[in-house]
Amino acid sequence: MIVAIVLSAGESSRMGSPKALLPLEGKSFIERIVAGFKASKVGKIIVVLGHNADVLRGKIEHLPVTIVVNRDYAKGQLSSLTTAIRSLQMEGESSVIEAVLVHLVDHPFLDPALVDEMIDQFYESKKLIVRPCFGARGGHPVLFSSRLFPELLAAPLDQGAKAVVYAHREEMLEIPTEDEGVVIDIDTQDEYRTRLERSR
């Protein structure tokens, strides 16, 4: 099974309001992301909350996701990813999970066809990491084989998952795509306004 992990635990301090709930083309960021994963070969979707978790939970509990709360969200994104991995291990599901797709809630554009291609290429290539790239830029989501769980759990929080990516550059498959959405992240009010104007 492939599990999608959506990281949505941060304070959204530069945006000023929870990015997960921002509307774009009729759906919130989190609704768009979840819909994309649901339309793909992903078997389960986990959303990791942290800052204002109770408020956000009330807003997204109608979605077909498993909600996990990272109490240590201030320690960075890797702490949210490891919280999700540990939740899978506690549920006894880690033995049937072959990989996780890690996605950030401030990347609202997600193409299910690309997700499926990443999954297919993961199985065919046997690589430990698969990620899309737009031009020379690596994008999201990033697929990590479950064989990397021990390294992800042991990685320094201040370095994030990038430390694991850099350690396995030779075992990473990059999939070129013309979908710019893989590198579009919306962190500020200005970026959000720009994206709203383009979507009209």
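The values are calculated or read from the model by the stated rules, or taken from the named source; none is laboratory data. Everything numeric here is computed off the predicted structure, so don't read it as measured data. Here Cβ is always computed from backbone atoms with ideal geometry, including for glycine, and neighbour counts include all displayed protein chains. Protein only, heavy atoms only, side chains kept; ligands, DNA and RNA dropped before computing areas. Shrake-Rupley method; radii C 1.70, N 1.55, O 1.52, S 1.80 Å.
Computed quantities for the displayed model
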quantity	calculated
Extreme residue, modelled with the highest pLDDT, among residues of the stretch 164-200 that are in contact with a Leu (Cβ under 8 Å, 6 or more places away or on another chain) and of a type in the set (D, E)	E171
Pairs with Cβ under 8 Å, 6+ apart, first in the stretch 111-140 and buried (at least 16 other Cβ atoms within 10 Å of the Cβ), second modelled with pLDDT of 95 or more and of a type in the set (F, W, Y)	V115/F37; L128/F144; I129/F144; V130/F122
Candidates S8, S79, S87, S40 - the one that is open to solvent by less than 50 Å² (accessible area, probe 1.4 Å), within 15 Å of the chain's Cα centre (by Cα), among the polar types (S, T, N, Q) and closer than 19 Å to L148 by Cα	S79
Given (1) open to solvent by 20 Å² or more (accessible area, probe 1.4 Å); (2) at pLDDT 95 or above, index of the condition L101 fails	(1)
Count of residues meeting criterion [in a helix (DSSP H, G or I) and open to solvent by 20 Å² or more (accessible area, probe 1.4 Å)] in the stretch 167-186	5
All positions within the stretch 12-34 that are on the phi < 0 side of the Ramachandran plot and in contact (Cβ under 8 Å) with a residue 60 or more places away in the chain	R14, M15, K19, A20, L22, L24, F29, I30, R32, I33
Single condition S94 does not satisfy, out of (1) modelled with pLDDT of 90 or more; (2) open to solvent by 10 Å² or more (accessible area, probe 1.4 Å)	(1)
Residue ID - farthest from L104 (Cα to Cα), chosen from residues in the stretch 11-21 that are surrounded by 21 or more Cβ atoms within 10 Å (Cβ to Cβ) and either more than 13 Å from the chain's Cα centre (by Cα) or of a type outside the set (G, A, S) (or both)	P18
Hey, V164 open to solvent by less than 20 Å² (accessible area, probe 1.4 Å), within 19 Å of I46 (Cβ to Cβ) and touching a residue at least 12 places away in the same chain (Cβ under 8 Å) or not	yes
Tally of residues being touching a helix residue (DSSP H, G or I) at 6+ places or on another chain (Cβ under 7 Å) and either open to solvent by less than 70 Å² (accessible area, probe 1.4 Å) or in contact (Cβ under 8 Å) with a residue 40 or more places away in the chain (or both) across the stretch 142-161	12
